[in-house]
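Novice: Quick one: this structure, given as structure tokens, is what I'll be asking you about.
The values are calculated or read from the model by the stated rules, or taken from the named source; none is laboratory data. These figures come from a predicted structure and were not determined experimentally. Counting neighbours? That spans all protein chains shown, and the Cβs are built from the backbone with ideal geometry, glycine included. Heavy atoms of the whole protein, side chains included, go into the accessibility calculation; ligands, DNA and RNA do not. Shrake-Rupley method; radii C 1.70, N 1.55, O 1.52, S 1.80 Å.
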Amino acid sequence: MNITFCCTHTKADPWLQGLQAALPEAKVTVWQPGAPPADFAVVWAPPQQFMDEQAGLKALFNIGAGVDALLALRLPAGAQVVRLDDAGMAVQMAEYVCHAVIRHFREFDAYEADMRAGGWAFRRPRLRGDFPVGVMGLGVLGERVAKALAQFEFPVNGWSRSPKAIEGVKAFHGAGGAEGFDAFLAASRVLVNLLPLTPDTQDVMNRSTLSRLQPGGYVINVARGAHLVEEDLIALIDAGHLAGAALDVFRTEPLPAEHPLRTHPKITTTPHTSARTLREESIAQIARKIAALQRGEPVAGIVDPRRGY
């Protein structure tokens, strides 16, 4: 069994050593142009040349949560795309989102500014019931985030394309209308985006949709930059309909130094770090799935290219 590793901007040696230890019967190598054909591939942002040369792959294991960049390539005809189920990212995402929600709800940014200016003032406590949080996307990461927010006693709404039932979360699904996306937005004051990026979800956070949030809305984007129309967000904040935003992903990354999102006083930015792949957990999961596929067993995380996730 041959496994090839093709991950852009990733140090290969620790991955090779880990995969070789977990699958001692396999030959694990870094892909180079013209390399012999492999059975399985571990990838992140591979070039099209890799796909063209490795036409006999059985499966590609993507080491990040999102597969949109991978699906944009011409893939080998018989290869399955397998995403990581979690690999330590869900708890990191829950930490990031809960921190962002609580920082906004408790007005810690205002306290920090006041203390830096030499002040010592208190603010009237706000009610959690006035800050319902809507989580878009209820996959592995979204479900973990929704459950974590519910532990802090925020009202939590969840929206997904198909029906989901999560304890402590009011579920919405489908398109617009009284039971779907429109109702979900109207019921939410804080919006958290954890959707996969597909043609249907690109630009999903725009002037029209963000305007449907409750007044004083707050936006947290930890999925993909292309989900958000950035100029619409800034306009709605400046107009007073939105109170601000916490953004971890952007249309252009790294975010240009002169970009207005960096300096807007009501927007907090971080450099696409809300949930990082944990190497040891990822290697163990990939090894288990390769072994299962070799035995002819089904595995979780198979991507449907038509749906984009």
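Novice: Name the residue, out of Gly78, Gly129, Gly118, that is within 27 Å of Ala183 (Cα to Cα) and of a type in the set (Gly, Ala, Ser).
Specialist: Step by step, each of Gly78, Gly129, Gly118 is checked, and only Gly129 is within 27 Å of Ala183 (Cα to Cα) and of a type in the set (Gly, Ala, Ser).
Novice: Same structure again: Counting just the residues of the range 203-213 that are touching a strand residue (DSSP E or B) at 6+ places or on another chain (Cβ under 9 Å) and part of a loop (DSSP other than H, G, I, E, B), which one comes out least open to solvent (accessible area, probe 1.4 Å)?
Specialist: Leu213
Novice: Just to check your reading of the model, which residue among Val30, Val42 is out of contact with any His (no Cβ under 8 Å at 6 or more places or on another chain) and surrounded by 21 or more Cβ atoms within 10 Å (Cβ to Cβ)?
Specialist: Residue meeting the stated conditions: Val42.
Novice: Could you check how many residues of the range 212-262 are polar (S, T, N, Q) and farther than 17 Å from Val190 by Cα?
Specialist: Looking only at that region, the number is 1.
Novice: Can you find even one residue in the range 6-20 that is of a type outside the set (Phe, Trp, Tyr), touching a strand residue (DSSP E or B) at 6+ places or on another chain (Cβ under 7 Å), closer than 18 Å to Leu73 by Cα and modelled with pLDDT of 95 or more?
Specialist: Yes; the residues of the range 6-20 include at least one that is of a type outside the set (Phe, Trp, Tyr), touching a strand residue (DSSP E or B) at 6+ places or on another chain (Cβ under 7 Å), closer than 18 Å to Leu73 by Cα and modelled with pLDDT of 95 or more.
Novice: Another question about this same structure. Would you check if there is a residue in the range 226-241 being under 19 Å from His99 (Cβ atoms) and either over 18 Å from the mean Cα position of the chain (by Cα) or crowded, with 21+ Cβ neighbours inside 10 Å (or both)?
Specialist: Checked the range 226-241: no residue is under 19 Å from His99 (Cβ atoms) and either over 18 Å from the mean Cα position of the chain (by Cα) or crowded, with 21+ Cβ neighbours inside 10 Å (or both).
Novice: Then there's this: Restricting attention to the range 91-111, which residues are farther than 14 Å from Gly244 by Cβ and open to solvent by 80 Å² or more (accessible area, probe 1.4 Å)?
Specialist: The answer is Glu95, His99.
Novice: Under the condition of being crowded, with 21+ Cβ neighbours inside 10 Å and among the β-branched types (Val, Ile, Thr), which residue from the range 157-202 is farthest from Leu228 (Cα to Cα)?
Specialist: Looking at the filtered set, the residue picked out is Val169.
Novice: Within the range 1-24, is there a residue that is open to solvent by 20 Å² or more (accessible area, probe 1.4 Å), in contact with a Leu (Cβ under 7 Å, 6 or more places away or on another chain) and outside any helix (DSSP H, G or I)?
Specialist: Within the range 1-24, none of the residues are open to solvent by 20 Å² or more (accessible area, probe 1.4 Å), in contact with a Leu (Cβ under 7 Å, 6 or more places away or on another chain) and outside any helix (DSSP H, G or I).
Novice: So which residues in the range 54-64 are in contact (Cβ under 8 Å) with a residue 60 or more places away in the chain and open to solvent by 50 Å² or more (accessible area, probe 1.4 Å)?
Specialist: Lys58
Novice: From the list Leu75, Leu70, which residue is assigned to a helix (DSSP H, G or I) and in contact (Cβ under 8 Å) with a residue 12 or more places away in the chain?
Specialist: Result of the check over Leu75, Leu70: Leu70.
Novice: Within the bounds of the range 260-270, is there any residue that is in contact with a Phe, Trp or Tyr (Cβ under 9 Å, 6 or more places away or on another chain), within 21 Å of Met93 (Cα to Cα), modelled with pLDDT of 95 or more and open to solvent by 40 Å² or more (accessible area, probe 1.4 Å)?
Specialist: yes
Novice: Related question: Could you give me the residue pairs with C-beta distances under 9 Å whose first residue belongs to the range 251-275 and is in contact (Cβ under 8 Å) with a residue 60 or more places away in the chain, whose second residue is of a type in the set (Lys, Arg) wherever it lies, and which are 6+ apart or on separate chains?
Specialist: Here the result reads Thr268/Arg103, each pair linking the range 251-275 to a residue that is of a type in the set (Lys, Arg).
Novice: Does Ile237 satisfy the condition of being within 29 Å of Leu213 (Cβ to Cβ), β-branched (Val, Ile, Thr) and touching a residue at least 12 places away in the same chain (Cβ under 8 Å)?
Specialist: For Ile237, the condition - within 29 Å of Leu213 (Cβ to Cβ), β-branched (Val, Ile, Thr) and touching a residue at least 12 places away in the same chain (Cβ under 8 Å) - is met.
Novice: Something else about it: If a residue has to be assigned to a loop (DSSP other than H, G, I, E, B) and closer than 26 Å to Ala223 by Cα to count, how many in the range 102-141 make the cut?
Specialist: 7
Novice: Now, a different point. Taking the range 167-193, which residues are closer than 24 Å to Ala275 by Cα and out of contact with any strand residue (DSSP E or B) (no Cβ under 6 Å at 6 or more places or on another chain)?
Specialist: Within the range 167-193, Glu167, Gly168 meet the criteria.
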